[in-house]
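This report refers to the structure that appears directly beneath it.
The values are calculated or read from the model by the stated rules, or taken from the named source; none is laboratory data. Everything numeric here is computed off the predicted structure, so don't read it as measured data. As a convention, Cβ positions derive from the backbone with ideal geometry for all residues, glycine included, and neighbour counts pool all protein chains shown. The protein model used for the area step is the full one, side chains on, heavy atoms only, and it has no ligands, DNA or RNA in it. Shrake-Rupley method; radii C 1.70, N 1.55, O 1.52, S 1.80 Å.
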Amino acid sequence: MKNRMNLAARHLAAAWLLLLAGCGHGAAQNGLPLRIEISHVVGEAPLRLGDSYKTSAGDGWSAERLRYYLSNFRLRRADSTWFVNPQSADSSRGYFLVDEADAASKQFQIGPIPEGTYSGIEFLVGVDAARNSAGAQTGTLDPARGMFWTWNTGYIFFQFEGHSPQSSDAEHALTYHTGGGADSPARSVFLQFQTPVQVTAENSAELHLYADLSRLFDGAHALRPATLPTAMDPKAAAEVADNSAGLFRIDHIHKLPKAGLAQGQ
Amino acid sequence: MKRSTPWLFALPLLGMLAAMPWAQAWMTAHATPRLQVPEGWPVPRYDFAGNPVTSAGFALGRRLFYDPILSRDGSIACGSCHQQFAAFAHLDHRVSHGIGGVNGKRNTPGLFNLAWQPDLMWDGSVHHLELQPVAPMSNPVEMGGSLALAVDKLRRNARYPELFAQAFGSPGVDSQRLLRALAQFTGTLVSADSRYDRFVKGKEAFTPQERDGLDLFREHCASCHREPLFSDFSYRNNGLDAAPRDAGRAVVSGRDEDQGRFRVPSLRNIALTAPYMHDGRYDSLEQVLDHYSGGIQPSPTLDPSLAHGVPLSPDQRTALLAFLDTLTDESFVHDRRFAETHD
C-alpha cells in the first residue's frame, strides 16, 4: 500500500518536473525569443483615444476602445519552410490580446526561435477556428475578458468602438466587432522583412509593427461611418475583418542582444 | 499492509450504516453520475475526456447551478429557471423570468441529454456546452451580471475556493473551472429511463393505444423529432407564424432562409415541460396537436413536410397524447443526485 502511494507520488513529482521544464526556460536551449512591439497610428502620427480623425471620404471618427487578438504566428525561413510559434491546447500561450489602453499588451514575445535566417512573419488577426470552438479557455482567451460573443458563441477577433459625427446610431456611436463563425475565418496577415532577420545564439530581433487605423476605413474596402455605423455579426463585419488585416506594416526591425531580452516579459 | 488491518474491523459497521435508509439517501445524493451512453444512442458531442467528471467536480457544479451567487444581485440561480420537477424547464412560465422580474423573450427549455446536442439554445447560438452559462450570466434580463463578476464573487466567498481546490486538485478559482464544473453537472443530466425506453428494450409493454400513438408519431413526427433523442437537431419552421416576430436561427446565421426557424426540440419529458414552443405560446399538448392538425401558418420558410398539416382523428389525437406521456422519465426528475442539497 505504502509502496504504491510512493510510486504515485514519484510519478506526480516527475510529471511536475517535466511540466516545469516544458513551460519554463526552454528558451536557453532552443533559441531566443523574438520580441514584437505594436504601435497604433493614424497615418504616421500615434493614435490617441478620443482624438478626432477624418476618413478620405470626409467622415469624422474617433476611437475609444481598440482591442484585438493576434495568434498563430509563423516565421518564414529563407528556404520557404516555416517556424511555427508553439501554442498548446491547455493554455493561451501564443494568443495575444492587444489593447490600446494597456501598454503591456502591446509588447510580447514569440518563440523560442531556432537559429536561422527569416524572411517574413505571418499571423492571424483573431483566433483560429479550432480554438474558437474548443470550450472554456484561460489566460488571454478567458471569456471573462469580454472579447466573447454569447449570441453566437466565439471570440470577438477585433473590437473597435468610437464615435463619428456622421454615425446615425444613438450618441453617434461607431461600433465594429468582427468575430468568427462558419463563414468568417480569422484573417491572415503576411509581412515580408525588407532585409532578412538573423536569429543566433547571441542575438534575436525586435519587430516594431505599426497598425494604422486610417486603413480601417480606407483599406481594401472603403468603409464610411456614415453608411456603416455598426458592424457586429460575421456577415456585416466581413469587410471590417478584411480591413483589420490590412492595418499592419513593419516600421522597423532591430537587433536584440540576448542581454536585452532578459528585461522583456 | 499491516497498518491498514484495523480498517477491516470498520467494514461491518460501514455495511450496517449503508443499510440505513438515510444513509442510502445520502449515498445516492452524493454518488457521481458518469456519462453512460444508453444502448443505441449516438456518440455524445461533448467530450468529457477534457473535463473528467469527479465527485467533487460534479458536486461543485451542482452547488453552483443552485446558487444565486452567479447572478448580479444574488437573486437568481440557474435552478430558479430550470426546475428539476419540470425536467429542468420552468413550469408555467411562457418566457424566462429573470433578475428584477424582467421577462426574456424565449421559453426555458428542459435540460437533459445536453451532451448529445451539437449546439444549444432555440436558435443554436451556443456552440459548446461549457460556454453556455456565459449567456444567462451576462444576459441583462436573466442573471444580469457577468462571468468576471461571478468569478470575483466566488474568489471572495468563504467556501468556494476550498471546493474549487477539491474539485480540480489545486487552488484557484477561474472562469474555466467554473464553466467546467457546471458542465460536469449539466452534461451528466441524462434522461433515458422513460416507459418508452423500457418498451424499446422489451422490458415493458405498451397499451394498444400507446402503440398506435407510437406508430402515428413515427409516421408524422419522427422525421424531425427523431428517436432516440427525439430531435434531429436541425432548424425548422413548424408553421407557428406567417410573419415570425422572432427571427430565430436567422439571428445566428444571418440568412433569410432561416427566418422563423428554430431547433427541433427533444420531446423527452414533454408532459412535464409546459408551456411549449420557443415563446411558450401553448399551455398544453392538446393545443400543440391543434396546431399541427389545423393551425399551420404558411410562410416562405415553412417546412414543406408540414405544408398540409397533420390531420388527426379524435382517436388518433388521444393515442398520440398517450404516447407522448410515455416519454416522461420519473427516475430522472426524482434523481437525488441532481437535486439541490443543503450541505
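Values for this structure:
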{"read-out": "Cβ-Cβ under 7 Å pairs, at least 6 apart or on other chains, segment B:49-60 side within 14 Å of another protein chain (Cβ to nearest Cβ), far side part of a loop (DSSP other than H, G, I, E, B)", "value": "B:Gly50/A:Gly135"}
{"read-out": "Residues within segment B:100-118 that are surrounded by 21 or more Cβ atoms within 10 Å (Cβ to Cβ) and more than 14 Å from the chain's Cα centre (by Cα), tallied", "value": "0"}
{"read-out": "Among residues of segment B:186-226, those that are in a loop (DSSP other than H, G, I, E, B), acidic (Asp, Glu) and free of Cβ contacts under 8 Å to residues at least 24 places away in the same chain, counted", "value": "1"}
{"read-out": "Residue that is farthest from the other protein chains (Cβ to nearest Cβ), among those in segment A:121-154 that are aliphatic (A, V, I, L, M) and touching a residue at least 40 places away in the same chain (Cβ under 8 Å)", "value": "A:Ile121"}
{"read-out": "Criterion (under 12 Å from the mean Cα position of the chain (by Cα) and either assigned to a loop (DSSP other than H, G, I, E, B) or not assigned by TED's automatic domain parsing to the domain that holds A:Ile38 (or both)) met by exactly one of A:Gly94, A:Gly135", "value": "A:Gly94"}
{"read-out": "Residue check, B:Phe230 at pLDDT 95 or above, within 14 Å of chain A (Cβ to nearest Cβ) and buried (at least 19 other Cβ atoms within 10 Å of the Cβ)", "value": "no"}
{"read-out": "Segment B:132-148 - residue that is facing chain A (nearest Cβ under 9 Å) and open to solvent by 30 Å² or more (accessible area, probe 1.4 Å) and, of those, farthest from the chain's Cα centre (by Cα)", "value": "B:Ala148"}
{"read-out": "Residues (outside any strand (DSSP E or B), over 15 Å from the mean Cα position of the chain (by Cα) and small (Gly, Ala, Ser)) located in segment A:228-260", "value": "A:Ala236, A:Ala237, A:Ala238, A:Ala259, A:Gly260"}
{"read-out": "Helices (runs of 4 or more DSSP H) enclosed by segment B:274-343 - at least 3 residues per element that are closer than 21 Å to B:Tyr235 by Cβ", "value": "B:285-294"}
{"read-out": "Any chance B:Asp92 is open to solvent by 20 Å² or more (accessible area, probe 1.4 Å), within 20 Å of B:Ser266 (Cα to Cα) and either in a loop (DSSP other than H, G, I, E, B) or not assigned by TED's automatic domain parsing to the domain that holds B:Arg281 (or both)", "value": "yes"}
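A quick yes/no check of all residues on (1) of a type in the set (A, V, I, L, M, F, W, C); (2) buried (at least 20 other Cβ atoms within 10 Å of the Cβ); (3) not in a loop (DSSP other than H, G, I, E, B):
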site	(1), (2), (3)
B:Glu130	no, yes, yes
B:Ala150	yes, yes, yes
B:Lys153	no, no, yes
B:Leu163	yes, no, yes
B:Gln166	no, no, yes
